[in-house]
1. Hey, could you check segment 27-61 for residues that are under 12 Å from the mean Cα position of the chain (by Cα) and among the small types (Gly, Ala, Ser) and say which is farthest from residue 99 (Cα to Cα)?
2. In segment 6-57, what residues are part of a loop (DSSP other than H, G, I, E, B), without any contact (Cβ under 8 Å) to a residue 24 or more places away in the chain and β-branched (Val, Ile, Thr)?
3. Look through 127, 66 and report the one residue that is out of contact with any Lys or Arg (no Cβ under 8 Å at 6 or more places or on another chain), among the hydroxyl-bearing types (Ser, Thr, Tyr) and outside any strand (DSSP E or B).
4. Identify, please: which residue in segment 86-114 is of a type in the set (A, V, I, L, M, F, W, C) and farther than 25 Å from residue 3 by Cα and is, among those, surrounded by the fewest Cβ atoms within 10 Å (Cβ to Cβ)?
5. Does residue 37 meet the test of being surrounded by 13 or more Cβ atoms within 10 Å (Cβ to Cβ), under 19 Å from residue 108 (Cβ atoms) and out of contact with any Lys or Arg (no Cβ under 8 Å at 6 or more places or on another chain)?
6. State whether the residues of segment 75-83 include one that is under 17 Å from residue 1 (Cβ atoms), in contact with a Leu (Cβ under 6 Å, 6 or more places away or on another chain), β-branched (Val, Ile, Thr) and surrounded by fewer than 18 Cβ atoms within 10 Å (Cβ to Cβ).
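Values quoted throughout were computed directly from the atomic coordinates according to the rules given, and no laboratory measurement underlies them. Remember, predicted model here, so these are calculated numbers, not experimental data. Note that each Cβ is placed from the backbone with ideal geometry, even for glycine, and that neighbours are counted across all protein chains shown.
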Amino acid sequence: MILITGDMRARLLANGAADTETDHVPVVKLFNPVGAATWLLTELDADHDTLFGLCDLGFGFPELGSVSLAELQAVKGPLGLGIERDLSFKARFPLSVYAEAARLAGHITEAERLLRQAAATLKIPTSELPPDEAERPR
């Protein structure tokens with residue numbers, strides 16, 4: 001599987017070249033299909049290998065940090081399975097909100113309640129948040 005598409009690579013590079021104080025929305029979610037590791041990535045350095053984002057190796061302590069794209073691509077688990085991209089992931093909050101929610105949960109989460117609680121803890125105005133999934137028309 002292609003972990004980072006051309007469009008994603010361009011957005012990650014643009015984020016990496018932007019102001020370092022910017023709280024980017026994650027561009028891609030990668031995961032280990034046979035383990036607990038998950039990555040929400042927001043930036044790619046000019047070296048085209050160093051990714052930055054929220055990293056959760058499954059030990060209960062997710063943290064912001066960097067990871068090598070080449071190393072992720074080289075991972076081969078049981079039955080030769082490698083790291084995969086979550087094709088259905090659509091980031092709705094800035095990385096700081098996902099990081100705070102992960103701190104509360106002990107793992108990366110997409111639970112709406114925890115993400116909104118994290119946004120409130122970070123004092124992000126509700127006017128800057130996406131509509132609540134439960135309130136969106138279907």
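1. First, the residues of segment 27-61 that are under 12 Å from the mean Cα position of the chain (by Cα): 27-31, 37-43, 51-56.
Those left that are additionally among the small types (Gly, Ala, Ser): 37, 53.
Numbers: 37: 15, 53: 9 Å.
Result: 37.
2. 20, 22
3. On the way: 66 fails: outside any strand (DSSP E or B).
The unique qualifying residue is 127.
4. Narrowing segment 86-114 to residues of a type in the set (A, V, I, L, M, F, W, C): 87, 89, 91, 93, 95, 97, 99, 101-102, 104-105, 108, 111, 114.
Next, from what is left, pick out any that are farther than 25 Å from residue 3 by Cα: 104-105, 114.
Values: 104: 15, 105: 17, 114: 18.
Taking the candidates together, the pick is 104.
5. Numbers: surrounded by 13 or more Cβ atoms within 10 Å (Cβ to Cβ): yes; under 19 Å from residue 108 (Cβ atoms): yes; out of contact with any Lys or Arg (no Cβ under 8 Å at 6 or more places or on another chain): yes.
Here the answer is yes, as residue 37 does meet what is asked.
6. Looking for residues that are under 17 Å from residue 1 (Cβ atoms), in contact with a Leu (Cβ under 6 Å, 6 or more places away or on another chain), β-branched (Val, Ile, Thr) and surrounded by fewer than 18 Cβ atoms within 10 Å (Cβ to Cβ), one finds none in segment 75-83, hence no.
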